[in-house]
Amino acid sequence: MRLTTTMRGITLLEILITLTIVALVAGIAYPSYRDYTARAHRSEAIAKLLEIAANQEGFYLNANRYGSLAELGYPIPLNTKTGTYTIEVSDNDAEGFTATATYNGTGAESERCSSFTVDERRNKTSTGTLANCWTHQR
């Protein structure tokens, strides 16, 4: 009588091939995901700045001057929902205001778009290595 045994399981080679494929897919997907989240955070900061600018105009109609964040009803300090940017309002008087969103983190995004600024005339500026963070969401 002959004994036959069947081996069940995974070979080391199969595990290594699977890990290589997973690492390759992750290496491609993660940078794209990181860029996507950075663009989303920039969009969030831009939306908050434009909201503040609109509220400043309403405040100006009632008080004949621009208001602080507290006068506009915002908490201090004001951060975006994700906490990625901190929003501040300065130079708020009868002449005008400047609202600035400053990036809180470090790394590549702090170099790309470190801050956004909007004023009473809706002049939009930004600092960073991107030419204009308001229009270039890449």
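The values are calculated or read from the model by the stated rules, or taken from the named source; none is laboratory data. Owing to the predicted nature of the structure, the values given are computational and were not obtained by experimental measurement. Note: ideal-geometry Cβ built from the backbone for every residue, glycine included; neighbour counts use all protein chains shown.
Miscellaneous remarks
- You will find that of Leu72, Leu61, Leu12, the residue that is more than 19 Å from Trp134 (Cβ to Cβ) and touching a strand residue (DSSP E or B) at 6+ places or on another chain (Cβ under 9 Å) is Leu72 and no other.
- Listed by first and then second residue, the pairs with beta-carbon distance under 8 Å, at least 6 apart or on different chains, first residue in the range 25-53 and farther than 28 Å from Ser90 by Cβ and basic (Lys, Arg), second at pLDDT 90 or above and assigned to a helix (DSSP H, G or I), form an empty list.
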